[in-house]
Every structure is written in structure tokens, then in C-alpha cells.
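Working notes, structure below.
The values are calculated or read from the model by the stated rules, or taken from the named source; none is laboratory data. These numbers come from a predicted model, not from an experiment. Here the Cβ is made from the backbone with ideal geometry for all residues, glycine too, and neighbour counts use every protein chain on show. The accessibility values were calculated without ligands, DNA or RNA, using every heavy atom of the protein model including side chains. Shrake-Rupley method; radii C 1.70, N 1.55, O 1.52, S 1.80 Å.
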Amino acid sequence: MKKCVLLVCLMLNAMGFCQEWNMDLETAKSKAIAQNKNILLVFSGSDWCSRCIELERKVWQSEEFKTEADKNWILLRADFLQKKGESEPVDINDPKIILTERYNRNGFFPYIVLLDKYGRVIDRGGYEQFNTAKEYIEYFKKLGKK
């Protein structure tokens, strides 16, 4: 019984520090409107893009970012995977393709777009040579103040 209670506590604790990445713009906009937050849209190739992998490890998974994201942004991701070096077939109805058509026509990776709660672009950015999650957090906050 003690092991079961411990396992439940660990699971709840882990869930408390998870961030929620949305994959669909309309869902993200609904949440952003309800919570009066901007949307942080990230275009990534999390299994092939070295800078995307670095951001995942250094920023997106950090406790600092998770805490700040929960307070400041609704997270939206368009992740373009390449399983075993092969690109996925293009489906024009795929939410990430729709996001790309609207916000990343040049196909930059990683690419960060700060949107208002209605999906309008506030500012855009990309990979920076920062060393810490804190530096990226400040960078994202500055995007919203330009």
C-alpha cells in the first residue's frame, strides 16, 4: 500500500511540472483567450535539428521555463519529425502544415513566433547563442514588449 501511495504522489508531482504543448492553433487560441495570455509558437525538428534538440534539453525541459510558461504563455508546437531520416508525407490538413503556411513560410528551424491571444503575430525569433533557460525566458519576454 505504501508503494502505491508513493507512486501516486510521484506521478502527481511529475504532472505538476509538465508543460502542455498544444498542437492545434484553435485550441491554443481558445486557451489564450480564456487565460488572457499570449501564445508561444515553436517550430522544431526535435529528432533531427541539432539546435532544436539543444533548445528542448536546455530550455523547454527546464523547471525555470516550465514555471514561466505556466504563468505567461500558452505553448504551441509544430514539430516536424524525420523518423530514420525520412520526412513525413505532407498532409495539407495537418495542423503543423497549416501553422507553417501561416507563420513560417521560409521553413526556419528552430523558429519561435510570439502570437497574441487571437493568433496575430507580435514578434518572431529563433535560436540564440544563450547559455541558460533564464536568458531565453528574458528573450521571449522582450519579444512581447517590442
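Here is how the numbers come out for the structure above:
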| item | result |
| --- | --- |
| Most to least accessible of Arg120, Arg57 (protein chains only, probe 1.4 Å) | Arg57, Arg120 |
| For Asn38, residues with placed amide H under 5 Å, excluding near neighbours | Ile74 |
| Dipole magnitude (debye, nearest 20) for the range 25-146, charges at Cβ of Lys, Arg, Asp, Glu | 460 debye |
| ³J(HN,Hα) computed for each position of the range 112-124 - Karplus, 6.51 cos²θ - 1.76 cosθ + 1.60, integer Hz, glycine/proline x | 10, 10, 8, 10, 6, 5, 9, x, 8, 5, 9, 6, 10 |
| Gyration tensor (alpha-carbon) shape descriptor, the range 18-146, a/c threshold 1.5 | oblate |
| Charge dipole (debye, nearest 20) of the range 84-140; +1 at Cβ of Lys and Arg, -1 at Cβ of Asp and Glu | 140 debye |
